[in-house]
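The structure is given below, and queries will be raised subsequently.
The values are calculated or read from the model by the stated rules, or taken from the named source; none is laboratory data. None of the values given here were measured: they were computed from a predicted structure. Cβ coordinates were reconstructed from backbone atoms using ideal geometry, including for glycine residues, and neighbour counts include every protein chain displayed. Areas reflect the complete protein model, heavy atoms only, side chains present, ligands, DNA and RNA absent. Shrake-Rupley method; radii C 1.70, N 1.55, O 1.52, S 1.80 Å.
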Amino acid sequence: MIRITLTARGEVPRGTGEALAPDRLAAAGEAAVPRMRAGPGRSAAELGEIFDVRSGPLPDGTPELVVRGAGALDGLGARMAAGRLLVEGDAGDRVGAEMAGGEIEVRGSAGWGAGAGMSGGLVRVRGDAGDRAGGALPGDPRGMTGGVLLVHGAAGAEAGAAMRRGLVAVGRSAGARAGLHAIAGTVVVLGDAGPEPGLGTKRGSLVVFGEAPLLPTFRPACDYDPVFVRLLVRALRSDLGFPLAERFTGGLFRRYAGDFAQLGRGEILVWRER
């Protein structure tokens, strides 16, 4: 299997980079990669015109793609099913959207729709992410149906919107309406949640370690120490290397049930020190 490295020759034009997924480039073959196209619509340029293209063998059977300086391209890693994608720097919108498998790491920030509609795999954004991280793409009634999205920084509005399954974890604050219209899945916010968290939630869990300005359609249920959150915290810290402080491994959660404007079977868990 091969590792392909794309290094921008200069300023990359704004446009789509959905062809840039490790499994698709590996399937095309090394010789075909420089002739593949990326960029804005019909004026998309060949990769060899935009990037310095290098390739080399890998000892294992997993294709790998490294992209440097392509923050203006949207859809990097979209719909990928296997392999590893490393974005050195920022990514545009929809990085990892609708991906089914593999791993993506963005060593910078990402635009809106990071991991939107993904069904499997892992997306890690070392910086901040824009709106609808792990949410639904425009016109799609469903957000994430599986997989893991880790945002080490802050996230914009509507993180995890319309989730069906999966995990979204945000290392700092989340914008308004985190978990909007979620039906299942889990959103974890290590900082504060923005206005109207859990709006329209039917099922699923929103776990907040900071402040959460709750809607009146959420009702306090109990204080408890949920086992699933303990296991989740352990997995985030130990298995996934997520920057979760030691003090968050203990404490109680106040559980609020809601949204009672909907089914009322969702929950917001707000962390409290013992």
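Would you report the distance distribution of C-alpha pairs in the range 174-274 as whole percents per 5 angstrom bin, up to the bin with the largest distance?
Histogram of Cα-Cα distances, whole percents per bin: 3, 14, 26, 26, 19, 10, 3, 0.
Can I ask one more? Kindly identify the range 118-180 as rounded, prolate or oblate by the Cα gyration tensor criterion: order the square roots of the eigenvalues as a ≥ b ≥ c, call it rounded if a/c is under 1.5, otherwise compare a/b with b/c, prolate if a/b is larger, else oblate.
Details: a/c = 1.98, a/b = 1.22, b/c = 1.62.
Judged from the Cα gyration tensor, the range 118-180 comes out oblate (a/c at least 1.5, b/c at or above a/b).
Also: Rounded if a/c is under 1.5, else prolate if a/b is larger than b/c, else oblate: which is the range 89-128, with a ≥ b ≥ c the root eigenvalues of its Cα gyration tensor? Kindly include the intermediate steps, with their values, before the conclusion.
Numbers: a/c = 2.64, a/b = 1.49, b/c = 1.77.
Oblate.
Amide H of residue 125 versus every other amide H placed in the peptide plane: which residues, excluding those fewer than 5 positions away on the same chain, fall under 5 Å?
It is 106, 150, 151, 152, by chain and number.
Now a separate question. In square nanometres, what is the average projected area of the Cα convex hull of the chain? Before the final figure, lay out each step's value.
On the way: hull surface 55.8 nm².
The directionally averaged projection comes out at 14.0 nm².
Pull up the DSSP beta bridges for the chain and report the antiparallel fraction as a percent, rounded to 5.
Numbers: 22 of 67 bridges.
Among the beta bridges of the chain, antiparallel pairing accounts for roughly 35 percent.
While we're on this one: Can you give me the accessible area per residue for the range 137-274, using a 1.4 Å probe, in Å²?
Values: 5990 Å² over 138 residues.
Accessible area per residue: 43 Å².
At a Förster distance of 41 Å, what's the computed FRET efficiency of residue 245 paired with residue 45, Cβ-Cβ distance as r, to 0.05?
0.35
Kirkwood Rh over Cα pairs of the range 53-107 into Stokes-Einstein at 20 °C, 1.002 mPa s: D in µm²/s? Can you show the working numbers first?
On the way: Rh = 11.5 Å.
Reported coefficient: 186 µm²/s.
A further question follows. For 119, 238, 205, what's the largest-to-smallest order of accessible area, 1.4 Å probe? Walk me through the numbers on the way to the answer.
On the way: 119 60, 238 90, 205 20 Å².
Result of the area sort, largest leading: 238, 119, 205.
I've got another one for you. Share of antiparallel DSSP beta bridges in the range 184-274, in percent to the nearest 5? Before the final figure, lay out the partial values.
On the way: 12 of 20 bridges.
Roughly 60 percent of the beta bridges in the range 184-274 run antiparallel, per DSSP.
To continue, here is another question. Considering every pair of different Cα atoms, what Kirkwood radius, in Å, is found for the range 73-202? Each step should come with its number before you reach the end.
On the way: mean 1/r = 0.0749 Å⁻¹.
Hydrodynamic radius (Kirkwood, Cα pairs) of the range 73-202 is 13.3 Å.
Measure off 7 Å from each Cα along the Cα-to-Cβ vector at residue 202 and residue 81, then give the distance between these two points in nanometres to one decimal.
Label-label distance for residue 202 and residue 81, simple model: 2.9 nm.
Moving to a separate point now. Using the Cβ atoms and a cut-off under 12 Å, what net charge is assigned to the surroundings of residue 130, where Lys and Arg are +1 and Asp and Glu are -1?
Working: positive: 94, 132; negative: 74, 90, 93, 128, 131, 158.
Once all neighbours under 12 Å are counted, the net charge is -4.
A further question on this structure: Using only helices, what value at 222 nm comes out for the chain when you add -39,500 (n - 2.57) per DSSP H run of length 4 or more and divide by the total residues, to the nearest 500 deg cm²/dmol?
Calculated mean residue ellipticity at 222 nm is -1500 deg cm²/dmol.
Let me ask something else. Quick one: net charge of residue 23's neighbours, Cβ under 15 Å, K/R +1, D/E -1?
Numbers: positive: 3, 24, 79, 84; negative: 18, 30, 60, 64, 98, 103.
Residues close to residue 23 contribute a combined charge of -2.
How much accessible area per residue does the range 1-71 have, counting only protein heavy atoms and a probe of 1.4 Å, in square angstrom? List each step's numbers first, then the result.
Details: 3620 Å² over 71 residues.
Accessible surface, normalised per residue, equals 51 Å².
In the range 40-83, whose amide N lies under 12 Å from the spot 7 Å out along Cα-to-Cβ of residue 107? List them in ranges.
66-69
Return the tail of the calculated pair distribution for the range 1-131, meaning the percent of Cα-Cα pairs more than 22 Å apart.
26
How much solvent-accessible surface does residue 105 expose, in Å² to the nearest 10, with a 1.4 Å probe and all protein chains in place?
Here the residue's solvent-accessible area equals roughly 40 Å².
How big is the gap, in Å, between the Cα center of the range 1-57 and the Cα center of the range 136-151?
26
For residue 16, list long-range residues whose amide hydrogen, built 1.01 Å from N in the peptide plane, is under 5 Å from its own amide hydrogen.
Correct list: 39, 41, 74.
Same structure, new question: Ignoring ligands, DNA and RNA, what percent of the accessible area of the range 166-274 is carbon or sulfur (1.4 Å)?
Numbers: 2530 of 5030 Å².
About 50 percent, which is the carbon plus sulfur part of the accessible surface.
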